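Just below is one structure, and these are the notes that go with it.
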Amino acid sequence: MTRSLTTALKNELATNDIRPFHLITLGFGTPINITDCSFPLTSSISGSSVTYSTSDFILGFSNFSEQADVTKSSLTISLSGADQTFISVVLNENIVNDAVTIFRGLLADDNSIIADPFLLYSGNIETFSVSESEKDSVVNLGVVSHWADFDKKNGRKTNNTSQQRFFSTDVGMDFSSETVQDIKWGRE
């Protein structure tokens, strides 16, 4: 993806005092705007002024690479489950396909945002997991780019109603909503 950085960002990158931060929007039923900065930030990168709350619960996100070709890219955002908010949201809401955006920006010496943070990643939640031990709990959100559905065939669903439409006597999908494992259909 081609980046168009502002002159102010380019000038700051040329200095030896680079102070990066991330602005993360998790598009849950009630969107959550968080930052890994040590204090809340307000930015209008999305067209309207949004305040991003500082969050000690951001553990990080995985590396990802950008390609010039049209390909599916993915990353994993790790959040601490110490705050039950994230665990409650992923277990009680349908978060699959919720939008996620990550912007990266730089801070000036006076802690103001240097115009304008750039879009680092945009995608949708494809998977999630909650892992707990005696010492900690972690919520991992698997996020994929919008190209993830590029090869998807529309129209057929893996539920009983869709199956009955084409094969009225086949009851193979009666309990499809109760399975917890990912069934691989076709090519992998």
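Among the residues of segment 158-171, those identified as surrounded by 10 or more Cβ atoms within 10 Å (Cβ to Cβ) and either in the same structural domain as Gly123 (by TED's automatic domain parsing) or modelled with pLDDT of 70 or more (or both) are Asn159, Asn160, Ser162, Gln163, Gln164, Arg165, Phe167, Asp170, Val171.
Checking each residue in segment 81-112 for being polar (S, T, N, Q) and within 19 Å of Val50 (Cβ to Cβ) picks out Thr85, Thr101, Asn111, Ser112.
When Phe28, Phe21, Phe39, Phe57 are checked against the criterion of being touching a Lys or Arg at 6+ places or on another chain (Cβ under 9 Å) and not small (Gly, Ala, Ser), Phe21 stands alone in meeting it.
For Gly47, the conditions (1) touching a strand residue (DSSP E or B) at 6+ places or on another chain (Cβ under 9 Å); (2) in a loop (DSSP other than H, G, I, E, B) are fulfilled apart from (1). Screening Leu9 with (1) at pLDDT 90 or above; (2) surrounded by 15 or more Cβ atoms within 10 Å (Cβ to Cβ); (3) of a type outside the set (Ser, Thr, Tyr) gives one miss only, at (1). Across segment 175-184, the qualifying residues are those that are closer than 21 Å to Asn94 by Cβ and not in a helix (DSSP H, G or I), and the one among them that is modelled with the highest pLDDT is Phe175. For segment 19-40, state whether one or more residues are touching a strand residue (DSSP E or B) at 6+ places or on another chain (Cβ under 9 Å), surrounded by 14 or more Cβ atoms within 10 Å (Cβ to Cβ), part of a loop (DSSP other than H, G, I, E, B) and at pLDDT below 85. Taking every residue of segment 19-40 in turn, none turns out to be touching a strand residue (DSSP E or B) at 6+ places or on another chain (Cβ under 9 Å), surrounded by 14 or more Cβ atoms within 10 Å (Cβ to Cβ), part of a loop (DSSP other than H, G, I, E, B) and at pLDDT below 85.
Only one entry of Phe103, Phe28 meets the criterion of being within 14 Å of the chain's Cα centre (by Cα) and within 28 Å of Lys135 (Cβ to Cβ), and that entry is Phe28. Within segment 106-147, if we keep just the residues that are farther than 19 Å from Leu26 by Cβ and polar (S, T, N, Q), the residue that is surrounded by the most Cβ atoms within 10 Å (Cβ to Cβ) turns out to be Asn111. Here Ala82 does not qualify as modelled with pLDDT under 90, exposed (fewer than 11 other Cβ atoms within 10 Å of the Cβ) and in the same structural domain as Gly123 (by TED's automatic domain parsing).
The values are calculated or read from the model by the stated rules, or taken from the named source; none is laboratory data. This is a predicted model, so every value here is computed, not measured. Note that we place each Cβ from the backbone using ideal geometry, even for glycine, and neighbour counts take in every protein chain shown.
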